[in-house]
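Notes for the one structure printed next.
The values are calculated or read from the model by the stated rules, or taken from the named source; none is laboratory data. Just so it is clear, the model here is predicted, and its values are computed rather than measured. Neighbour counts run over all protein chains shown; Cβ positions are idealised from the backbone, glycine included.
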Amino acid sequence: MVGGYTGDPHPGNLLESTDGRTTLVRENQREALPASGLTFSDVVQTRIYLTNMSDFTTVNRVYSSCFHDSFTVYSAVQVAGLPKGALVEIEMVAENR
């Protein structure tokens, strides 16, 4: 499982925009997957947690840019809150096939 940190490289600092936060999550996951010998092609399921469902279109646009050849099964859920006031968190499950 690969999580998605929604802050900048300086602990405790969150990016302001949903687009920026989602892009950073995607980039963090892009770096974390190879450490396990995986790529986005190995992702089999994703859960997207949003504090505001009106951000779904923005998050979906950034998220879907990860998947060029195949698009994984995912769900998006609105939650009351996320750690450190984050607006979005993306959790991925990947496996070697």
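Assorted remarks:
- Given (1) over 12 Å from the mean Cα position of the chain (by Cα); (2) modelled with pLDDT of 80 or more; (3) loosely packed, with under 13 Cβ neighbours inside 10 Å, index of the condition residue 12 fails: (2)
- Selection count where residues are in a strand (DSSP E or B) and surrounded by 12 or more Cβ atoms within 10 Å (Cβ to Cβ), scope the stretch 75-97: 9
- Scanning the stretch 71-81 for residues that are of a type outside the set (A, V, I, L, M, F, W, C) and modelled with pLDDT of 85 or more gives 74, 75, 78, 81.
- Of all residues in the stretch 17-39, none are part of a strand (DSSP E or B), touching a strand residue (DSSP E or B) at 6+ places or on another chain (Cβ under 8 Å), modelled with pLDDT of 90 or more and not charged (D, E, K, R).
- Picking from residues in the stretch 47-70 that are at pLDDT 90 or above and of a type in the set (A, V, I, L, M, F, W, C), the one that is surrounded by the fewest Cβ atoms within 10 Å (Cβ to Cβ) is 53.
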